[in-house]
Each structure stands twice: as C-alpha cells, then as structure tokens.
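See structure below.
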Amino acid sequence: MAKSTISIDDRRLKQAVKEVLREKLEQDRSWLQGVIEEVLEDIALAEAIRQGRTGKLVSRAAVFRVLQGKE
C-alpha cells in the first residue's frame, strides 16, 4: 500500500491546532481546571520547599501542634 502525504503550510496548521484546542477547552472545562490546579499546586510546593530551605527549623511536635489546631 502506498503512503500518501498531505502538504499544509505552517499558518494553516497553526490555525487548525488552535481550533482543536479551542473546541477541547469548550467541551471539557473540567480538564482545563484540573491542569490549572496542578500547576498552582506545583508552584505552591516549590515555594514551600524554597521557604523550608531558607527558614528556621522547627520540631516535629511543633508542626503537629499547628496541624492539629492547637497553636
């Protein structure tokens, strides 16, 4: 079976990709919301790690007191 090729210029390809993405986002907003949530969580984790490396050390007990709402 012979392979056929399709020739498309960059402008048309870019436009087609934009249209597909636009349709996907319109059809499934929860997907986009999930992506944004993951990005924000990654940013928050990176910031927490950065602060942890430059901040003062605290005891394990102090961390659990805060987590349990006792402080």
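The values are calculated or read from the model by the stated rules, or taken from the named source; none is laboratory data. These numbers come from a predicted model, not from an experiment. Neighbour counts run over all protein chains shown; Cβ positions are idealised from the backbone, glycine included.
Summary of values
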quantity: Qualifying residue in the range 36-51 (condition: modelled with pLDDT of 85 or more, surrounded by fewer than 10 Cβ atoms within 10 Å (Cβ to Cβ) and assigned to a loop (DSSP other than H, G, I, E, B)); calculated: no
quantity: Residue in the range 23-35 that is of a type in the set (A, V, I, L, M), modelled with pLDDT of 90 or more and at negative phi present; calculated: no
quantity: Some residue of the range 6-23 being hydrophobic (A, V, I, L, M, F, W, C), part of a loop (DSSP other than H, G, I, E, B), more than 16 Å from the chain's Cα centre (by Cα) and surrounded by 10 or more Cβ atoms within 10 Å (Cβ to Cβ); calculated: yes
